[in-house]
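One structure below.
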Amino acid sequence: MLEFLQNVINGELDVYVITFALLTVMVILLFLSFPMVVPLTVATMIGFLHFSDLPLQNIIQQMITGITPNALIAIPMFIFAADIMTRGHTATRLLDLIEVFIGHYRGGLPITTCISCTLFGSVSGSTQATVVSVGTIMRPKLLKAGYKDSFILGLIINASDIAWLIPPSIGLILYGVLANANIAELFIAGIGPGLILTALFSVYCYVYSVYHQAEITLTPKADWPKRIKAIKNSILPMGFPVLIVGGIYSGAFTPTEAAAFSVLYAIILEVVIYRKLGFSDLIDSSLSTGLITAVVFILVGAGQAFSWYISFEMIPQELLGALDLENASPEFILFVISVAFVIGCMFVDSIVVLLILTPVFMPIIDSSGLDPVLVGVVITLQMAVGSATPPFGCDIFTAIAVFKKSYLEVISGILPFFLILMLMSAILIFFPDSALFLRDIAFDK
């Protein structure tokens, strides 16, 4: 052990020494509450200065390289559109549409929450925006109906993560850039698993409602005039998924162009037609978008520099060599990738894990012949798992802030949904057509 530590101090070039040193530095800085960009950057600098003779300017070059792909332009625009819609009427109108048709059935309110998260995910592409928009509306209704708060919080957090799979997904965009995969194909491939996951959550909601029916009251059935009004009110908000998915499917525009159109559509809808927002609200949305985009892009740049360094040192190849993944079955490779991402996302922000691990696994994915689009959907699903899983899932802390609940209260109802997400992971691994079927139809594969 002393010899190992001496090698760390002396900068001996050994893959296990480098890995131990970099991980130790990152863990210490994380426990000292530094934002994730600091551990990434400091670990990269230690690698450059202590374990190699690479010039430091390479770090800046790699950071710039990480944020230059044109496809990344879609991220701030989708964030901007989501912020506008979160402040406006879009979420409420989508919720009303679903609730007037199924809210009165057994399990209708939680199923409404599931479907609403899916629809709003197809509008915003943001899990945290979905937690805020759908959760703040549906949680009081579910509490009034007699549902336990632990179930409600677990439902909202996990159903919101369907937004990772439903286009426009920021996770799919980033993976497409990192893996040089077709983002339009990734968007279409995410729809099938997103809908299956919605169905699985809905089944659990129904079973839970039947089991606890003595405590739960049903909401009154909406009459047809109210339903017709809800349909009319939702026509324009439903234009978002039609615009994004339909436009990409038809080839009318690229994902980046779809992002630009979504911003324009959101402004017209909320400012001109509904008149919910004014010029000052757009300024606030712009500032919020700028802050979030800056955080994401700084992480992307730092992640690119760190990934480049560990690839330069051949660390991934050395560490994964013992698993003999190059000769493994596709199912085993996807299993290893899933386990790595789930564990990583339990402790670190999902985007950071994506930035670090995707370049690690790409050589194996390329040599194995796996479809990079399938791998992208599998990885994005694990990001959804990590966003809602203790100890550090970002949506857990969003729920704590929004609903003013303790950490233990928020996570107490997560387990059943986690098991459903694991089932969905198995479906993707063993039945890849669940993701690729729509992609193959849309792009004539």
Do we have any residue at all in the stretch 275-288 that's among the acidic types (D, E) and closer than 20 Å to P76 by Cα? yes
Is there any pair with a first residue in the stretch 420-438 that is under 16 Å from L186 (Cα atoms) and a second that is acidic (D, E) and not in a helix (DSSP H, G or I) whose Cβ atoms are under 7 Å apart and which are 6 or more apart or on different chains, and what are they? L436/D371
Between V373, V336, V377, which is over 25 Å from F187 (Cβ atoms) and of a type outside the set (S, T, Y)? V336
Among the residues listed as L243, L277, the single one being at pLDDT below 90, farther than 24 Å from S169 by Cα and in contact with a helix residue (DSSP H, G or I) (Cβ under 8 Å, 6 or more places away or on another chain): L277
Counted residues, the stretch 75-103 - those being closer than 17 Å to L282 by Cα and β-branched (V, I, T): 4
Looking at the stretch 283-310, which of its residues are β-branched (V, I, T) and buried (at least 16 other Cβ atoms within 10 Å of the Cβ)? T289, I292, T293, V296, I298, V300, I310
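Per-residue answers, yes or no, for (1) buried (at least 24 other Cβ atoms within 10 Å of the Cβ); (2) out of contact with any helix residue (DSSP H, G or I) (no Cβ under 7 Å at 6 or more places or on another chain):
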position: L143; (1), (2): no, no
position: G146; (1), (2): no, yes
position: I157; (1), (2): yes, no
position: P167; (1), (2): yes, no
position: T198; (1), (2): no, no
Yes/no for L354 being modelled with pLDDT of 85 or more, under 19 Å from the mean Cα position of the chain (by Cα) and not acidic (D, E): yes
Only one residue in T358, T389 is in a loop (DSSP other than H, G, I, E, B) and buried (at least 19 other Cβ atoms within 10 Å of the Cβ). Which one? T389
State whether the residues of the stretch 49-63 include one that is closer than 27 Å to G393 by Cα, in contact with a helix residue (DSSP H, G or I) (Cβ under 7 Å, 6 or more places away or on another chain) and part of a helix (DSSP H, G or I). yes
More than 20 Å from Y265 (Cβ to Cβ) and touching a helix residue (DSSP H, G or I) at 6+ places or on another chain (Cβ under 6 Å), is that true of V123? no
Can you tell me which residue among A214, A260 is over 30 Å from P363 (Cβ atoms), out of contact with any helix residue (DSSP H, G or I) (no Cβ under 6 Å at 6 or more places or on another chain) and surrounded by fewer than 20 Cβ atoms within 10 Å (Cβ to Cβ)? A214
Tell me the residue from Y147, Y208 that is hydroxyl-bearing (S, T, Y) and either in contact with a strand residue (DSSP E or B) (Cβ under 6 Å, 6 or more places away or on another chain) or in a helix (DSSP H, G or I) (or both), please. Y208
Write out, first by first residue and then by second, each pair whose Cβ atoms fall under 6 Å of each other, whose residues are 6+ apart or on separate chains, and whose first residue, in the stretch 140-157, is in contact (Cβ under 8 Å) with a residue 12 or more places away in the chain and closer than 17 Å to I414 by Cα while the second is surrounded by fewer than 18 Cβ atoms within 10 Å (Cβ to Cβ) and of a type outside the set (A, V, I, L, M, F, W, C). S150/S412
Being more than 15 Å from A184 (Cα to Cα), surrounded by fewer than 16 Cβ atoms within 10 Å (Cβ to Cβ) and small (G, A, S) narrows S250, S280 down to just S280
Can you work out which of the residues in the stretch 330-355 that are touching a residue at least 24 places away in the same chain (Cβ under 8 Å) and among the small types (G, A, S) is surrounded by the most Cβ atoms within 10 Å (Cβ to Cβ)? S350
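The values are calculated or read from the model by the stated rules, or taken from the named source; none is laboratory data. Given the structure is predicted, the values throughout are model-derived calculations rather than measurements. Cβ atoms come from the backbone with ideal geometry, glycine included; neighbour counts cover every protein chain shown.
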